[in-house]
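Written below as structure tokens is the structure these notes are about.
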Amino acid sequence: MKYTIAVIVSGIDEEYQQSILSGIHRYAAQHNVNIAHFIAFGGILANPNYDLGEYNIFELPNFSLFDGVILLSNTFSSNLIDKICARIREADIPAVSIDKELEGMYYIGIHNASAMEQMTRHFITEHNVRRFNYISGPDGNSESVERLEAFQRVLAEYDIPFEEERLYHGSFRAKDGRRAVEAFLKSDLEFPQAIVCANDAMAISAMLTLEANGISCPDDVLVSGFDNIYNAKNFSPSLTTVERPLMQSGALACELICRHCSGDELPRVQTLNAVPIYSESCGCGASSGDEISIFKKRNYQAIESTNHEISSLNKMTCSLVECDTFEEYLEALRNTVLSTGCEEFYLCLNDNWYNKQIPHEAGYTGELQQDSYTIHGYSARMLMPLAYYDGEFHPQESFSSEKILPRLRFEGDKMRIMYFVPLHFRERCLGYFAIVNSDFPLRSSLFHTWSINISNSLENFRKLLCLDEVVKELDKLYAIDSLTGIYNRNGFKRSSSDEFQRCIDEQKPVMIMFADMDGLKNINDSYGHKAGDHAIRSIAAILQECCLDGEVACRFGGDEFFIFGAEYTSERAVAMRKRIQECIDICNRNSGRPYQLSVSIGACITVPAPGSTVFQLITIADNRMYEEKKKKNPSKYLKQNT
């Protein structure tokens with residue numbers, strides 16, 4: 001049986017995460033294990049709504065579908081960890097937490113404290129430093145706390161005071177190094193002899209900011225980092241830092257899951273050693289980085305690759321925004337997918353990713369539906385408009401979101417490395433995509449931007465689709481009578497004008513039938529205007545129902561209606577009148593209303609003259625209707641004429 005392991009991680013654009021994942025992949029390749037990453041890029045854009053959309057991907061995995069879980073626990077918040085852990089416990093599968101000890105899970109830790117203590121003692125004993133500043137990671141991060149406490153413990157050991165203003169609270173991001181140095185330069189305290197940083201990314205950024213302000217490292221100030229990333233080894237001056245066995249921890253995590261599933265008894269906690277590396281940024285030793293020729297070649301390759309990816313990204317952006325239809329959009333996305341070199345790709349959208357307006361059963365009301373969308377989790381069913389595997393694209397299908405992906409546990413011979421990435425606009429969840437067996441997510445520094453591009457283009461297209469719906473609704477307001485749901489004058493004119501002109505050109509007869517309700521005022525006065533509105537809607541529905549052969553019904557206004565028919569005969573007009581009266585009789589017998597519906601009808605059948613209008617014929621039909629009304633109630637109309 002081939003195992004499939006879920007990996008929960010945020011920020012795979014950082015070397016810390018990439019090193020651990022490389023270890024996981026190395027073990028998985030050696031033992032034919034499938035890996036499914038659920039990744040987010042939270043905390044990068046300083047936008048809480050955006051982060052909400054990113055971290056929603058962690059609500060996607062149905063852990064019962066996996067044989068185990070690996071959590072890079074230090075890459076996201078404790079609040080998220082608690083929710084994820086509760087679902088893992090419910091699934092009752094083995095889990096490994098790296099760098100953060102969690103109840104009921106295997107734990108792989110690294111001796112951060114001893115390495116930080118050795119580093120700090122080195123600064124004090126070898127370089128006689130007595131004035132330190134410190135740039136920390138997140139306050140709630142266990143590694144950050146452990147490193148800071150170890151640093152402060154050594155200072156206390158040597159009776160070195162440490163003012164709170166010398167501590168900058170960062171988030172392990174490069175920008176924190178720049179902001180910290182800017183804050184230190186503004187401080188009234190004497191500038192430090194050494195700046196100790198909780199990771200390398202912040203340390204390198206700090207050194208660049210120091211240099212920009214005319215401060216030399218190590219001549220004016222010593223700097224250290226933590227993690228020994230590639231840039232730390234090859235920066236100038238090379239960074240004094242701590243080597244951590246990150247790849248080893250990733251491989252060990254994968255091994256623990258597989259051995260647990262095989263029934264082995266294993267220790268719950270395993271701790272690896274970290275080793276300080278003293279280099280140029282504290283005035284010790286030469287760089288341990290690549291030879292200059294190798295470094296130059298790698299840098300050139302990195303620049304070339306980035307330039308190529310930027311060009312591809314620009315083409316992708318243009319192709320995705322130029323589409324007029326969703327099929328055109330999917331075709332542009334197909335070309336983009338193929339450029340990644342992936343073996344599989346799946347676009348999975350919530351079935352409510354855009355809200356199509358649904359016609360109202362009781363006629364058009366003129367009200368737009370309220371926009372509702374998913375924020376937490378995903379819709380019960382997912383649409384998959386794009387699926388690429390076995391070297392070709394496959395037709396659209398839908399599936400239950402509990403499955404995550406129809407081919408999640410596909411039992412092929414080849415190992416599968418899957419990445420599930422959120423698609424969202426701010427907090428609005430659109431869906432996710434899965435990319436399989438591609439080095440693009442880890443290799444490219446622009447993968448996050450590539451993912452954002454798909455999200456933003458989807459949101460733009462969603463807005464276009466919604467705008468089309470709004471235009472249709474506005475068109476209804478223009479052409480449809482809001483009370484009855486049949487055409488108003490504007491709609492009647494638009495729907496009948498072509499046929500009317502054809503009858504003029506071909507000298508064919510047309511029919512205009514004018515219908516006016518009888519006794520509407522009495523209904524309003526006796527039973528209220530709601531009853532009157534119901535009576536008007538009933539007549540409109542009857543007239544619409546009687547238009548069986550291409551006729552067009554319209555509410556002229558108030559209680560007046562007319563019907564237009566092309567190539568009409570007097571026999572058809574008589575049949576139409578008969579149908580209308582029969583429907584009215586049926587309605588009166590079955591409605592249970594305390595009033596009776598009645599209409600007076602006048603019709604005009606003629607071959608329209610060139611230059612005439614349909615509304616001129618309406619006047620004739622109106623006069624004939626008026627004659628019928630007088631016959632029904634001669635005393636009323638005689639009194640009005642007197």
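The values are calculated or read from the model by the stated rules, or taken from the named source; none is laboratory data. Remember, it's a predicted structure, so these values are computed and weren't measured experimentally. Cβ atoms come from the backbone with ideal geometry, glycine included; neighbour counts cover every protein chain shown. Ligands, DNA and RNA are stripped out before the accessible areas are found, and what is left, the full protein with its side chains, is counted by its heavy atoms. Shrake-Rupley method; radii C 1.70, N 1.55, O 1.52, S 1.80 Å.
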- [ ] Test Gly532 against the criterion of being assigned to a helix (DSSP H, G or I) and buried (at least 19 other Cβ atoms within 10 Å of the Cβ), and give yes or no.
- [x] yes
Task: Count of residues meeting criterion [out of contact with any helix residue (DSSP H, G or I) (no Cβ under 9 Å at 6 or more places or on another chain), open to solvent by 10 Å² or more (accessible area, probe 1.4 Å) and assigned to a strand (DSSP E or B)] in segment 373-405 - done: 7
Open item on the list: Among (1) within 23 Å of Ala201 (Cβ to Cβ); (2) surrounded by 23 or more Cβ atoms within 10 Å (Cβ to Cβ), there is one condition Leu45 misses while meeting the rest; what is its number?
Closed with: (2)
- [ ] Answer yes if at least one residue in segment 15-22 is free of Cβ contacts under 8 Å to residues at least 12 places away in the same chain, among the hydrophobic types (A, V, I, L, M, F, W, C) and assigned to a helix (DSSP H, G or I), and no otherwise.
- [x] no
TODO: Test Asp82 against the stated conditions and say whether it is within 30 Å of Gly263 (Cβ to Cβ), out of contact with any helix residue (DSSP H, G or I) (no Cβ under 9 Å at 6 or more places or on another chain) and without any contact (Cβ under 8 Å) to a residue 12 or more places away in the chain.
DONE: yes
Task: Positions within segment 118-165 being open to solvent by 40 Å² or more (accessible area, probe 1.4 Å), under 25 Å from Leu210 (Cβ atoms) and charged (D, E, K, R), in sequence order - done: Arg121, Glu126, Arg130, Arg131, Asp139, Glu163, Glu164, Glu165
Open item on the list: For the list (1) at pLDDT 95 or above; (2) among the hydroxyl-bearing types (Ser, Thr, Tyr); (3) closer than 25 Å to Leu464 by Cβ, I need the number of the one condition that Ser372 fails.
Closed with: (1)
Open item on the list: Which condition from (1) modelled with pLDDT of 90 or more; (2) open to solvent by 40 Å² or more (accessible area, probe 1.4 Å) is the one that Ala362 breaks?
Closed with: (1)
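Would you call Ser64 at pLDDT 90 or above and either open to solvent by less than 10 Å² (accessible area, probe 1.4 Å) or out of contact with any Pro (no Cβ under 9 Å at 6 or more places or on another chain) (or both)?
yes
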TODO: Count, please, the residues in segment 99-140 that happen to be at pLDDT 95 or above and more than 16 Å from Val275 (Cα to Cα).
DONE: 17
Task: Criterion violated by Gly491 - all others in (1) outside any helix (DSSP H, G or I); (2) open to solvent by less than 40 Å² (accessible area, probe 1.4 Å); (3) among the small types (Gly, Ala, Ser) satisfied - done: (1)
Open item on the list: For segment 429-458, give me each residue that is open to solvent by less than 20 Å² (accessible area, probe 1.4 Å) and either touching a Leu at 6+ places or on another chain (Cβ under 7 Å) or more than 24 Å from Ser311 (Cβ to Cβ) (or both).
Closed with: Cys429, Leu430, Gly431, Tyr432, Phe433, Ala434, Val436, Trp450, Ile454, Ser455, Ser457, Leu458
TODO: Determine if segment 547-568 includes at least one residue that is in contact (Cβ under 8 Å) with a residue 24 or more places away in the chain, out of contact with any helix residue (DSSP H, G or I) (no Cβ under 9 Å at 6 or more places or on another chain) and either small (Gly, Ala, Ser) or more than 22 Å from Tyr626 (Cβ to Cβ) (or both).
DONE: no
Task: Scope segment 67-89; condition crowded, with 19+ Cβ neighbours inside 10 Å and under 13 Å from Tyr106 (Cα atoms); matching residues - done: Gly68, Val69, Ile70, Leu71, Leu72, Ser73, Cys85, Ile88
Open item on the list: Step by step: first the residues of segment 338-359, then only those that are of a type in the set (S, T, N, Q) and touching a helix residue (DSSP H, G or I) at 6+ places or on another chain (Cβ under 9 Å), then the one that is modelled with the lowest pLDDT. Which residue is that?
Closed with: Gln357
